[in-house]
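Derivation of every value follows stated rules applied to the coordinates shown; laboratory data play no part. On a predicted model such as this, the values are computed, not experimentally measured, just so you know. Cβ: placed from backbone, ideal geometry, glycine included. Neighbour counts: every protein chain shown.
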2 protein chains.
Amino acid sequence: MKHLEKLIRQIASRINTILLKHGFDADLHIRKCIPLDKLNKFYAFYGITSFHPPGFYFRHSNLAGSYFLGKCSVENSILYKSDIRGDELKAKGDIFHHQGSDIVMYDDEVIRIKGSFLIKTLVHNFSHNPDNLEEFLILSTVSMHYANIHGSPVEGSFLGPFSTIDLTSLHNCVVGAYAYLQAGEVSNKLIKPGQIRVSNGDMFDFSYRFSSKALDNYISSEPGKRPRGIFIDFIENRKKDFQNLFDVVYLKTSDKIPDSASVNRYAVIKGETHIGENVLVAQRAYLENAWLGKGANAQENCYIINSRLAGSNVTAHGAKIIHARLGNKVFVGFNSFLQGRADYPLTVGKETIIMPHTIIDLQEPLNIPPGHLVWGLIKKQKDLKKHSISLVELSMINGELTRGLMHFKGSGSAFVNAFQDRIEHILAANGAYFDGRKNKGHAQMERNISFNIIQPYPRGPLEGLYPTIAIHS
Amino acid sequence: MKHLEKLIRQIASRINTILLKHGFDADLHIRKCIPLDKLNKFYAFYGITSFHPPGFYFRHSNLAGSYFLGKCSVENSILYKSDIRGDELKAKGDIFHHQGSDIVMYDDEVIRIKGSFLIKTLVHNFSHNPDNLEEFLILSTVSMHYANIHGSPVEGSFLGPFSTIDLTSLHNCVVGAYAYLQAGEVSNKLIKPGQIRVSNGDMFDFSYRFSSKALDNYISSEPGKRPRGIFIDFIENRKKDFQNLFDVVYLKTSDKIPDSASVNRYAVIKGETHIGENVLVAQRAYLENAWLGKGANAQENCYIINSRLAGSNVTAHGAKIIHARLGNKVFVGFNSFLQGRADYPLTVGKETIIMPHTIIDLQEPLNIPPGHLVWGLIKKQKDLKKHSISLVELSMINGELTRGLMHFKGSGSAFVNAFQDRIEHILAANGAYFDGRKNKGHAQMERNISFNIIQPYPRGPLEGLYPTIAIHS
């Protein structure tokens, strides 16, 4: 493993130099968190479909357990059990709208990862950085367990466990555990753990921060230690169910899946699970006694257990839904944790938006009404008041609003419209509106997919590194 | 499958044009022999070890079920369940001895397959063509089930089922079923089915031909039909045992395999099988109640069933050994078929050479003495007389010898020495003489290997074709 260890040292030292000004030691996070032996234990795999012209380039990297779909280049990096999805990248000739201008793409966009160390991180969507629209660049960056890098080019940064950067360009930042950032361009900032921020220039700004004490139970991250807490335990307890999926080359899928739906063969399906029309179940999703109505989707690293989703639901990357009944078009954002109870399931009315990084962990029965925005940490009925607002009420705000630890300023209607537009976009992209001929999305296009399996050198000084591999159509 | 079908038509038409002068219709053989749907059913795989710098290039080809090890480039070709081994290719700077001259290699040698259609064919060893030593070229060629292309560049030729070309350069030839050719450069020839020929310029010439009637029972090949006969039935009956090996990604190997031996994870191991020190069991070998003594090897597509091999045995590509007891250093050549019986196993004395393409199918007990050369078709004790000679006797021949259907001319001692040298080379290359530190061979170097799995486009016009893939160190 001589060369692999040297590569890890190089990546850590480079990022440390960058983040030293924040008094941050990335090295501690990297070195102590990954047992070297696992980097040689898992294969990587990439999907081949007729809808995604393949374009992969892997050089001097370890890709253990990682998944790739769509154009991607990886150099001098460690991607440990990461999901790198490139099925929403822009194509040559596509038009990108930016502040009233139309920008035409020179070339097909590529996800480019260089000198980075990503652990169980989801990379998805496309670059929103107008300086570099043909490249979704992840450069000299460390991201920890279950972070999401969504439509966010990032350079010289550290992302804590379960953090999300979304439609943002990030430069030389440290993002704490479970922080969520959707905020255009951000440079040289230290984002505290549990900080939630959705900001669009002068239009609106939503912010909330979990108390450290409350958050620590769920996810705690100290330098030099593995992240721990309820989130980690929850995932660890279900890890074994994935084992069999990775051991076999071909997996016979259920014949109960409608022609318009797709269930990735690397998803766990247990118990009495129902898959409706136009449903998308992504790789590393986990369904157990889950009823998914028409056009619902279950994205990477999400868990839906003992729950019923009426239809057109978005269960975003890393969201967890247990003992719940969700109405039509309920949206559950990134890494949210919705824990109802067997004797009093959580119910959520239609078209309600559960903000990314929301924790609902019931200690008593709770019904969330339709058409609301919900955030923060909710355990009891009385918590709901300080952690939700009806979308109608929010739309009428123009100025400032403080509710509990949440602060909002700007145009409420712009915020609500932006969110609802985005949900419609997600449903359309995932194929929820397929009519048998038109409006194809991921559910229809990723139905017929085959996976290529790649492995590192098994021994010698190159042990753990993958050969240089280039694949194109 | 639009593009794949077009490719098959193009390959067939090109080869037909070349072989028309022999009144040969390659098209009939290709088109009727491969059900199109299977070309999309099996994955291909290539081995990554620290001893073989990877160098693969696949373009516009179907590789269903094929295995690759060592540098190889495949373009516009169909390789259906073929084994392409490149672990004996020459390296940059290596010296090739040719007729008293030393030729230094400019570059690492590459197996280059272009415009060809190979079915279950083994390609191994290296180019012996002094015009093109850096390329082991297989161009515009069709080869049928269980043919061997061993150290033999070949252009514009057709190889019938179970035929072997060995250390030969072949140009515009048709080679009949079960013919074996080891004869330097051969152009524009039609080699009849069951013709065995080992020839080295003016030094020696060994030839034998099976009677058509006798051979037909074992292997018969008519244009427009699948090959049939005892050989095919034998393999078909054991096909299912391989299924499980291909379904799983990782396979736990037995802990009874000595550190100095290797058993490929794509080999079938059944019953009470013993693997001695320095043993090599290659992919797609089949062992059932097989006892392999120190330094024995079991090469691709060989079957060793209810048999005991004392040690330092070579069981060459495609050889079958059933109910037999082989003494030390017994050599069993390519595609030989040795069928003893449970109540009277075949016994073969030490250092006896079973010529490639020999059929021993016992109808009564038979002991073959040590130190003999054996060829042809043997069913009874009395057949042995016309189908064997002691190596001592053969070494004394200088001139001509006819025995049954066998004709020999030249230097018997040169023939025997060449054969024995080659057996020593094979044993050394396979690691039979490893002493714990020195004399490593395939058995030691292919012990730690991982396999990458590649698959074709699953749907659309490109269905069945593989993306363009380039892999190097």
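Within a 10 angstrom radius of each residue's Cβ in B:41-50, how many Cβ atoms of other chains show up on average? Whole number is fine.
Partner Cβ neighbours, averaged per residue: 4.
Enumerate lysine pairs in region A:1-46 that are 8 or more residues apart or on different chains, then count those whose Cα atoms are under 19 Å apart.
Lysine pairs satisfying the spacing and distance rule in region A:1-46 number 7.
Calculate the mean, over all residues of peptide B:456-463, of how many other protein chain Cβ atoms lie within 10 angstrom of the residue's Cβ.
Mean partner shielding for this stretch: 5.
Quick one: compute the contact order of chain B, relative version, from alpha carbon pairs under 8 angstrom and 6+ residues apart, as a percent.
13
How would you rank A:ASP435, B:ASP166, B:ASP107, going from fewest to most other Cβ atoms within 10 Å of each one's own Cβ?
A:ASP435, B:ASP107, B:ASP166
At what distance in nm do the modelled label points of B:LYS225 and B:LYS386 sit from each other, each positioned 7 Å from its Cα along Cα→Cβ?
Each label point is offset 7 Å from its Cα along the Cβ direction, giving 2.7 nm.
Please list, or write none, the lysines whose alpha carbon is within less than 19 Å of the alpha carbon of B:LYS386, excluding same-chain residues fewer than 8 places away.
Partners within reach: B:LYS213, B:LYS409.
What does the charge count around A:ILE8 come to, taking other residues whose C-beta lies under 12 Å from its C-beta (Lys +1, Arg +1, Asp -1, Glu -1)?
Spelling it out: positives minus negatives among the neighbours equals +4.
Averaged over B:246-252, how many beta carbons belonging to a partner chain fall within 10 Å of each residue's beta carbon?
4
Would you kindly state how much longer the chain becomes between A:GLU75 and A:LYS240 on full extension, computed as 0.36 nm times their sequence separation minus their alpha carbon distance, in nm to one decimal? Walk me through the numbers before you get to the answer.
Values: separation 165, 0.36 × 165 = 59.40 nm, distance 3.06 nm.
Extra length available between A:GLU75 and A:LYS240 comes to 56.3 nm.
Quick one: A:GLU424, B:GLU155, fewest Cβ neighbours within 10 Å first, how do they rank?
Ranking A:GLU424, B:GLU155 by Cβ neighbours within 10 Å, fewest first, gives A:GLU424, B:GLU155.
Filter the trypsin sites (Lys or Arg not before Pro) in region B:78-108 down to the DSSP loop ones having no more than 12 other Cβ atoms within 10 Å, then list what survives.
Those satisfying the criteria are B:LYS92.
What trypsin sites (Lys or Arg not before Pro) does region B:1-64 have in DSSP loop regions with at most 15 other beta carbons within 10 Å?
Sparse-neighbourhood loop trypsin sites (Lys or Arg not before Pro): B:LYS41.
Separation between the B:LEU401 and B:ILE95 pseudo-spin-labels, each 7 Å from Cα along Cα→Cβ, expressed in nm?
Label at B:LEU401, label at B:ILE95, 3.4 nm between them.
List every residue whose amide H lies under 5 Å from the amide H of A:PHE42, counting only residues 5 or more places away in sequence or on a different chain, with H placed 1.01 Å from N in the peptide plane.
Those lying under 5 Å, H to H, from A:PHE42 are A:GLY65.
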